[in-house]
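Input: a single structure, listed below in structure tokens.
What follows is calculated from the coordinates using simple rules that are stated; it is not laboratory data. Everything quoted here is computed from the prediction, not taken from an experiment. Neighbour counts run over all protein chains shown; Cβ positions are idealised from the backbone, glycine included.
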Amino acid sequence: MGPTTIAVQRKRPWMVAFLGILMALTAFLFIPPSPAAAETTDDGQEVTEFYFAGVVTFDDQPVEGVVMSIDGKGFKGETETDADGKWRLYVPDKATYTLTVDEESLPDGVIVDASQLPPGTQPIAGTTASFEVEFGLTGTKIMNLFLGEGERMTVSFIDQLLSRLVGGINFGLLLALASMGAALIYGTTRLSNFAHAEMVTWGGLVALVVTSFWHLPLWLGIAAAVIGGGLLGWGLDAGIWRPLRRRGLGVVQLMIVSIGLSLALRYTFQYIIGGGTRQLPGASPTPIQFGPISLSYIDIIAMSVSIVVIVAVAFFLTRTRIGKATRAISDNPQLAAASGIDVDRVVRYVWILSGVLAAISGILWAYFRPGVKWDMGMQMLLLIFAAITLGGLGTAFGALLGSLIVGIAVEVSTLWIPSDLKYASALVVLIVILLVRPQGLLGRRERLG
């Protein structure tokens, strides 16, 4: 045989050019462009369309070098007055912020003159240089500050601790309403329901639609939200969870379904109300001072409602037949079914109760934040799971105890750490307690193997 000849087909020039153009178009269409650098000021602030500004003067003369800071909604900023006493602080969006003048940067014996503050602005109780400020109809707010002679006032550590402690109890109580419902669902079905965040959002959303969109009284909006929460819980169990349980799906598959359901509901809510934050009637009321503790009448009502509802749930679980059946199913579902308990019927009641509790929690959360937003429930979801795990999986009373610990830890921790990290403090507490008691505070130790 002669030598083997291998023919090599050479690519045509037009084909090479076509492939090059196709690759270039692909890169142009699918590779995102690098974001443009945000405009910043000389002191490092990112320029936005929302800002607070003003002039600081003393005896009609501008004061240079006064340190001004802004804090709120997870954002912090700082600047100094220039030679003309002017200052400007940019913020990401329209909200209520705390404006603080660093009194160490003022001349000795000089404070902010409260008598010359803009109308409706007062120092935060116990201070002379911190104020709650918010925007009007525009995205700018002018705050001219006048200095005068006076004695500086500061808040003691004990007073701050008491104020944060009460705020933590308030937050823990509203968190407990959502956590107890999620704990009951887990106890009876072993489902970690990621869509529970949207059940919380649903309560605030229904109240918003009834009061702000339909212009009906607030009490009617609250009643509609509570009824709507129960109907949502009933509908989810009847339409999704009961059929899936009967098909024998495992807890992992059910959890994945709950994640998909959470995404679907969340973006449906965004389609309904948009991406902004909307206020319920009566939000951001004037606080009432009880010594160092500042509470609004809505805070007092919210704490009272939470306590009454929690006591009612405790009575339901300990004194009624369905409540006792719920606890029996949480302890041992097979034994409960063998003893004649209708497990599906009890689980249906649990979903309805969980929906009602989540809706009430969503309304209170809308006043605590304040505002209703399409993803507001997601801000609570991690804390809900932390509270349930901390108290002991599947027990409603453990979820109550865990929620109070989480709420107090979140609020009190801001005395030592930045407010942006306050939610992380709850996870630190969770880790520490689980290292000592892995089953949670009220959970039972189970034998493995």
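Could you work out how far the C-alpha centroid of region 121-151 sits from that of region 297-355, in angstrom? Rounded to whole Å, the Cα centres lie 48 Å apart.
Which shape class, rounded, prolate or oblate, goes with region 184-292 when its Cα gyration tensor gives a ≥ b ≥ c as root eigenvalues, a/c under 1.5 marks rounded, and past that a/b bigger than b/c marks prolate? It comes out prolate by the Cα gyration axes. Grab the beta carbon distance between residue 290 and residue 43, set R0 = 51 Å, and tell me the FRET efficiency rounded to 0.05. Efficiency computed from Cβ-Cβ geometry: 0.85.
Note on residue 215/residue 271: beta-carbon distance plugged into 1/(1 + (r/R0)^6) with R0 of 25 Å gives a FRET efficiency of 0.70. Between residue 240 and residue 297, full extension at 0.36 nm per residue minus the direct alpha carbon distance yields a gain of 16.5 nm. Adding -39500 (n - 2.57) for every DSSP H run of four residues or longer, then dividing by how many residues the chain holds, sets the calculated 222 nm ellipticity at -16500 deg cm²/dmol.
Sorting 229-238, 256-265 by average packing, meaning the other beta carbons within 10 Å per residue, from highest down gives 229-238, 256-265. Across region 293-328, the residues whose backbone nitrogen lies under 20 Å from the label position 7 Å along the beta-carbon direction of residue 223 are 302, 305-306, 309.
For the peptides 332-341, 354-363, residues were scored by their other Cβ atoms within 10 Å and the scores averaged per peptide; the highest-first order is 354-363, 332-341.
When each full DSSP H helix of the chain is screened for a Cα extent of at least 18 Å along its own axis and an average Kyte-Doolittle hydropathy of at least 1.0, the helices passing are 13-30, 157-189, 218-236, 251-273, 297-319, 343-368, 378-391, 396-412, 422-436.
Across the cross-link table entries 141/373; 94/141; 141/422, which are compared at the Cα atoms, the separations over 21 Å belong to 141/373; 141/422.
Using R₀ = 41 Å, calculate the FRET efficiency as 1/(1 + (r/R₀)^6) where r is the Cβ-Cβ separation of residue 342 and residue 434; round to 0.05. Spell out each step's value before the answer.
Values: r = 35 Å, r/R0 = 0.85.
According to the calculation, E is roughly 0.70.
Under 5 Å from the amide H of residue 374 lies no amide H of any residue 5 or more positions distant or on a separate chain, with H modelled from the backbone and absent for Pro and chain starts. Extension gain for the segment residue 444 to residue 334, taken as residue separation times 0.36 nm less the Cα-Cα distance, is 37.8 nm to one decimal. Working out 0.36 nm times the residue gap between residue 116 and residue 169, then minus their Cα-Cα distance, what length gain in nm do you get to one decimal? Working it through step by step, the gained length comes to 15.5 nm.
Peptides 364-377, 43-56 ranked from most to least packed, by the mean per-residue count of other Cβ atoms within 10 Å: 364-377, 43-56. Each of residue 263 and residue 162 was given a label point 7 Å from its Cα along the Cα-to-Cβ line. The distance between the two points is 5.0 nm.
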